[in-house]
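First the structure, in the form of structure tokens, and then the observations on it.
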Amino acid sequence: MRAEVDYAKEIQEFKRSMNAVILAHYYQESEVQDLADFVGDSLALAQAAASTKADVIVFCGVHFMAETAKILNPSRQVLLPDLKAGCSLSDRCPPGAFKAFKDKHPNAFVVSYVNSSAAVKAMSDVICTSSNAVKIVNQVPKDRQILFAPDQHLGRYVMKQTGRDMVLWPGSCIVHEIFSEKKLVQLKVEYPEAEVVAHPECEQAVLRHADFIGSTKAILDYAVRSPKQQFIVVTEAGIIHQMKRAAPNKTFIPAPPDNGCACNECPYMRLNTLEKLWRCMKERTPELTMPEDLRERARAPLQRMLDWSQ
Ligand code: 13P
Ligand code: SF4
């Protein structure tokens, strides 16, 4: 019988021998986050991927995030522990239908959320993430109509913040759309001192109860610096790992979804496990690749996002 593998130890060894960097999103399993060189939100991960000097980027997140890393840093090998780690937002915005949507508004300026495929990005004028969406939309020329895809809830939130009218693609995240407003209100009654922190992918009915709305990183930073001690967290529960690390004396309560579960986990993000991370580094596969012409077309709107985010 094979002796048990010490995944964490071997992953550290692979990292050195391959000159690899492990980038992880906050929604990864805690044990995966603990092995990462950098844990961040979509914008910070894209920036880290663009600037890394490592030969190999091991991306512990979902497919569009690894794709973004490859688009921004093509000379690096990009590995993703499970290539099937998709995203409901990206999957429900197929390039053919997106093109038809765009063709109906030929003069519009197209802002696409980073949670989209490279093919959709390639048809966009600029990309945004949840942390810079307001800033990006504020920079779109005032005389242009705006198309926003694929998250309608983030789109509505941005419209409110910027006062810009936008035509929204009717997409949503299967994780954030199932938070229960009723259970959230019950939790607020149970914890009257708690602040509610929420991700803008949630529906308006849920967001109206929030004391703070922001990207995963913004929510984390807010909870750490707030004088309050208790927080109801309305996003994927993986973020609570870093919240507890940064503020061990505070209490973080995951908001429940409307399906009988106590907390809400992204089924795509959770496809990446410690064992799959170990295997992908050992075998150097699965690797994220894409045609060079597509990469070039998708790079321009992403680069514009990075420039506009400064
Ligand atoms: P952030 O960029 O806020 O981390 O969001 C990523 C995501 O997929 C949210 O569901
Ligand atoms: Fe996509 Fe939602 Fe999962 Fe984020 S939480 S990766 S938006 S399915």
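Side notes on the structure shown:
- Residue within the range 195-207 that is surrounded by 14 or more Cβ atoms within 10 Å (Cβ to Cβ) and over 23 Å from the mean Cα position of the chain (by Cα) present: no
- Cross-chain or 6+ apart pairs with Cβ under 7 Å, the range 112-131 first and without any contact (Cβ under 8 Å) to a residue 60 or more places away in the chain and within 12 Å of ligand 1 (Cβ to nearest atom), then of a type outside the set (Ser, Thr, Tyr) and part of a loop (DSSP other than H, G, I, E, B): 113/150; 116/93; 116/150
- Among (1) touching a Ser or Thr at 6+ places or on another chain (Cβ under 7 Å); (2) away from ligand 1 (no atom under 16 Å from the Cβ); (3) closer than 16 Å to residue 204 by Cα - the single one residue 170 does not satisfy: (1)
- Any hit, the range 208-223, residues being out of contact with any strand residue (DSSP E or B) (no Cβ under 6 Å at 6 or more places or on another chain), more than 18 Å from residue 39 (Cβ to Cβ) and in a loop (DSSP other than H, G, I, E, B): yes
- Matching residues, the range 44-79, being crowded, with 24+ Cβ neighbours inside 10 Å, of a type in the set (A, V, I, L, M) and outside any loop (DSSP other than H, G, I, E, B): 45, 46, 49, 57, 58, 65, 66, 69, 71, 78, 79
- Within the span defined as the range 94-110, one or more residues are acidic (Asp, Glu), surrounded by fewer than 17 Cβ atoms within 10 Å (Cβ to Cβ), part of a helix (DSSP H, G or I) and at pLDDT 95 or above.
- Of all residues in the range 207-222 being more than 15 Å from residue 160 (Cα to Cα) and β-branched (Val, Ile, Thr), the one that is farthest from ligand 2 (Cβ to nearest atom): 219
- Remark: pairs (first residue in the range 141-160, of a type in the set (D, E, K, R) and modelled with pLDDT of 95 or more; second residue part of a helix (DSSP H, G or I) and within 16 Å of ligand 1 (Cβ to nearest atom); Cβ separation under 7 Å; 6+ apart in sequence or on different chains) = 151/89.
- Restricting the range 80-93 to residues that are assigned to a loop (DSSP other than H, G, I, E, B) and among the charged types (D, E, K, R), the residue that is nearest to residue 168 (Cα to Cα) is 92.
The values are calculated or read from the model by the stated rules, or taken from the named source; none is laboratory data. All values reported here derive from a predicted model rather than from experimental measurement. Note that we place each Cβ from the backbone using ideal geometry, even for glycine, and neighbour counts take in every protein chain shown.
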